[in-house]
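Here is the structure we will look at.
The values are calculated or read from the model by the stated rules, or taken from the named source; none is laboratory data. Just so you know, these numbers come straight off a predicted model, no measurement behind them. Neighbour counts are summed over all protein chains in view; Cβ atoms, including those assigned to glycine, are modelled from backbone coordinates with ideal geometry.
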Amino acid sequence: MSPEGHKYLFDFHNFDQVKEPEPEIDIPPPPPTFSLEELGQAQQESFAQGRLSGLEESRISREQYLAEQVNRLADSIKAVLLSEQMRANLFEKEVLGLCAAIFAKTFPLLNDTYGLSEVQNIIQKVVSSQPAIPVLIETTEADEAPLRDILSTSPDFPFDRVTIKGNPALQSGSCKISWPDGGAVRDHNALAQEITRHIEELLAPRAQKSDNRDSKGE
């Protein structure tokens, strides 16, 4: 066939729609599969991990409980110690108060009964420690004669260098002893006041004691 015979033929042209390539679809990988052995091992590991977690939680809970109990016990001990300290302080205050009351009642009586004997002992000690020097003894006017009589019973008492005289400024149980280089005093009132002051300091509150010490330091 000549080329003219193919003038209107379409065998040289393809008018069919061109097919585009279909896009590739991402297919997810198949889920993993485990063997029975792997599943059993995973189960054991999970059980062991859960057991460890449970033990740790139990330990923490037990430690918290013990800490709370220790704190409560410490608070209870502090309360007991504080109560005991308060009881001891109250007991001490009551005892000292009783001592102060007894002292206030008995000291004058004891001084009246034994004061002259104590004066005698002081005089004998002073005179024996100061040999061969003149000694002046001053006592109350009421005690002058009784003291002279008591001292005269001692054969070794040196009346030749000891002078005894009454002093109206002294109270019962008090005496003054003097010699050229010194002297000694037994003051009944000062002794009673000193003892009373110490008892009052012991009975005073702690804050007041501190203030008293500070004022003395200044």
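Yes or no, residue by residue, for (1) surrounded by 10 or more Cβ atoms within 10 Å (Cβ to Cβ); (2) modelled with pLDDT of 75 or more; (3) part of a helix (DSSP H, G or I); (4) in contact with a strand residue (DSSP E or B) (Cβ under 8 Å, 6 or more places away or on another chain):
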site	(1), (2), (3), (4)
D16	no, no, no, no
Q41	yes, yes, yes, no
L52	yes, yes, yes, no
S58	yes, yes, yes, no
Q69	yes, yes, yes, no
G97	yes, no, yes, no
I102	yes, no, yes, no
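Cβ separations smaller than 6 Å between residues 6+ apart or across chains give the following pairs from segment 157-184 residues that are closer than 14 Å to T140 by Cβ to residues that are part of a strand (DSSP E or B) and basic (K, R): S174/R186; C175/R186. Every test in (1) modelled with pLDDT of 75 or more; (2) surrounded by fewer than 10 Cβ atoms within 10 Å (Cβ to Cβ); (3) not small (G, A, S) is passed by K165 save one, and that test is (2).
Determine whether E45 is modelled with pLDDT of 75 or more, among the acidic types (D, E) and out of contact with any helix residue (DSSP H, G or I) (no Cβ under 9 Å at 6 or more places or on another chain). Yes. Can you tell which of L110, L36, L9 is under 30 Å from S172 (Cα atoms) and at pLDDT below 75? Just a single option satisfies the conditions, and that option is L110. Take the conditions at pLDDT below 70, aromatic (F, W, Y) and within 30 Å of C175 (Cβ to Cβ) and apply them to F91. Does it pass? Judged against the criteria, F91 is not a match. You will find that of I123, I150, the residue that is modelled with pLDDT of 70 or more and in contact with a helix residue (DSSP H, G or I) (Cβ under 8 Å, 6 or more places away or on another chain) is I150 and no other.
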